[in-house]
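Chemist: The structure follows.
Please treat every number below as a calculation from the coordinates, not as lab data. Because the structure is a prediction, the values reported are computed rather than measured. When we count neighbours, we look across all protein chains shown, and the Cβ atoms used for this are built from the backbone with ideal geometry, even at glycine.
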Amino acid sequence: MRSIGELARASGLTVSALRFYDRCGVLTPALVDPVTGYRWYTDEQVAPARLVAGLRRVGMPLKGITEALRHRAEPAVVGRLLDAHLHRLEDGLADARRELSRIRALLDPEEIPMTTRVVLSRVDLAAAVDAVRFAVGADPELPVLSGVLLDVEADGVRLVATDRHRLALARTPGRVDGPAVRALLPVGAVDEIRALLDTGAGATPEAHLSLAGAEVTVSVAGRPVTATALPYDFPDYRRLLHRAAGEAPVRRIPVDAPALRAALRDGGAPTVTRDHEGVPLAVTVLGLDERDGLRLLGPDDLAAGPEGAAATTGPGELRVGVNRGYLLDALDAAGGPQLVLELDGPIAPLAIRRPDDEDAFSILMPIRL
């Protein structure tokens, strides 16, 4: 048996940290003296304690540490926890860099802004614009949603657009020279850039992106489009990119995209009508057939079971309602012959992905059935 001080020295945790993890039920001693209250640990607890110490040093939340200990014998599970935490750290570092740039500008407004330059594939950038353009908001009372976010990272650019009811993301790799930065482009400028990317067809395979302060320039074959970024802080979209550790996995359903588009477009797919802000709305209800394939449900199917039932016992109980028009827009923007729909119950967003590109996807908010 080891005393708490001995375990502290062997693991790298402090005595106070070991007491904390005992109170939380994360790392409890093998024996507690009923008279003195001294904690005693076994040799087998040294390795778990060292794991806790390492996770603590990299800022892993208590919930993540608990999950890692619980699945210590399952390296794949712990690996996913570590990857998710690393993504959070990277996102936080990018946010910190952007905030420090804003602080420097406040301290010295006359300072010439740093310029970030990115070289991208013209075709890839055009595809990314097409993948998100449909989700740009048009509500004049929400000008922050009236553009496309360009989020420059270390090795490329992510494009994001949302109107609250749907969100679309796409990413294109590139050669980045300069700090991480983001700019919210007005939709008019986005459309000009998209036209420029077409006019450069055949002339050059590359597009050049330059961001300096609020000024954004995209040039193809020497022809530029320059725009001023909108002065708004775009909503934090990153929390939708990584699912919380321990959350139940979603249903990933491969679909024949052309057939689904055709069914939605020509009225062959069943719909139900729901009132949305006083206006009748055509809602497409997605469910599963007996083979766990996609099935479009109609009014009779909804009448056969509890309204809004979640998938808890069988595939037929999974029902997710989405705006029919929005679903068709997302399918058109995604393109491709095969897509994957991710269903996670009636109150969780529906994700539409291309199986060959995990960085490009759309999210539709569900409609209460």
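Chemist: How long are the three semi-axes of the equivalent ellipsoid for the range 25-116, computed from the Cα gyration tensor as the root of 5 times each eigenvalue, in whole Å, largest first?
Modeler: 43, 18, 8
Chemist: Over all pairs of distinct alpha carbons, what does the Kirkwood formula give as the hydrodynamic radius of the chain, in Å?
Modeler: Numbers: mean 1/r = 0.0417 Å⁻¹.
Taking the inverse mean of 1/r over all distinct Cα pairs, the chain comes out at 24.0 Å.
Chemist: So who's got an amide H within less than 5 Å of the one on ALA348, skipping anything under 5 residues away but keeping other chains? H placed 1.01 Å off N, in plane.
Modeler: Under 5 Å from the amide H of ALA348: no residue qualifies.
Chemist: To the nearest 10 degrees, how steeply does helix 75-107 sit against the main Cα axis of the chain, on a 0 to 90 scale?
Modeler: 70
Chemist: Next question. For the chain, find the longest principal axis of its Cα atoms and tell me its angle to the long axis of helix 122-132, 0 to 90°, nearest 10.
Modeler: 80
Chemist: Label-point separation (nm) for ARG274 and ASP359, each offset 7 Å from Cα along Cα-to-Cβ?
Modeler: Result: 3.4 nm between the two label points.
Chemist: Starting from the 7 Å offset along Cα-to-Cβ, what nm value, one decimal, do you get for the label separation of ALA259 and SER3?
Modeler: It works out to 7.2 nm between the two label points.
Chemist: Further question on the same structure: Full-extension gain between LEU294 and ARG117, please, as 0.36 nm times their residue separation minus the C-alpha to C-alpha distance.
Modeler: 59.4 nm
Chemist: I'd like to know which of THR115, ALA47, VAL322 lies farthest towards the positive end of the charge dipole of the chain, counting +1 on Cβ of Lys and Arg and -1 on Cβ of Asp and Glu.
Modeler: Highest projection toward the positive end goes to ALA47.
Chemist: As I understand it, the value is the acute angle between the Cα axis of helix 187-199 and the longest principal axis of the Cα atoms of the chain; what does it come to in degrees, rounded to 10?
Modeler: For 187-199 against the chain, the angle is about 70 degrees.
Chemist: With the contact rule set at Cα under 8 Å and sequence spacing of 6 or more, what percent relative contact order holds for the range 1-96?
Modeler: So the answer I get is 24 percent.
Chemist: So between PHE20 and THR36, what do we pick up on full extension, going 0.36 nm a residue minus the alpha carbon distance?
Modeler: 4.0 nm
Chemist: If you don't mind, there's one more thing I want to ask. Only helical DSSP H runs with n ≥ 4 go in: add -39500 (n - 2.57) per run for the chain, normalise by residue count and round the 222 nm mean residue ellipticity to 500 deg cm²/dmol.
Modeler: Result for the chain, helices only: -10000 deg cm²/dmol.
Chemist: Another question, then. Pairs of alpha-carbon atoms within less than 8 angstrom and 6+ residues apart define the contacts here; what relative contact order does the range 117-202 have, in percent?
Modeler: That works out to 34 percent.
Chemist: Ok, one more. LEU107 to ASP177: FRET efficiency via 1/(1 + (r/R0)^6), r the Cβ-Cβ distance, R0 25 Å, to the nearest 0.05?
Modeler: Using R0 = 25 Å, I get an efficiency of 0.55.
Chemist: Same structure again: So what is the relative contact order for the chain, in percent, with contacts set as C-alpha pairs under 8 Å and at least six apart?
Modeler: Relative contact order comes out at 12 percent.
Chemist: Take the alpha carbon gyration tensor of the range 329-369, find the square roots of its eigenvalues, order them as a ≥ b ≥ c, and report rounded if a/c is under 1.5; if not, report prolate when a/b exceeds b/c, else oblate.
Modeler: prolate
Chemist: Additional query: When Rg is the radius of gyration of the Cα atoms in the range 100-222 and Rh is its Kirkwood radius, what does Rg/Rh come to?
Modeler: So for the range 100-222, dividing Rg by the Kirkwood Rh gives 0.98.
Chemist: Expressed in nm to one decimal, what extension gain is obtained for the pair VAL58 and ASP198 from 0.36 nm per residue of sequence separation less their Cα-Cα distance?
Modeler: Full extension of this stretch gives 45.8 nm more.
Chemist: In debye to the nearest 20, how big a dipole does the chain give about its Cα centre with +1 on each Lys and Arg Cβ and -1 on each Asp and Glu Cβ?
Modeler: 1040
Chemist: From the phi angles alone, apply the Karplus equation (6.51, -1.76, 1.60; θ = phi - 60°) to the range 48-65 and give each ³J(HN,Hα) in whole Hz, x where the residue is Gly or Pro.
Modeler: Each residue's phi maps through the Karplus curve to give x, 5, 5, 4, 4, 4, x, 5, 5, 5, 8, x, 5, x, 4, 4, x, 4 Hz.
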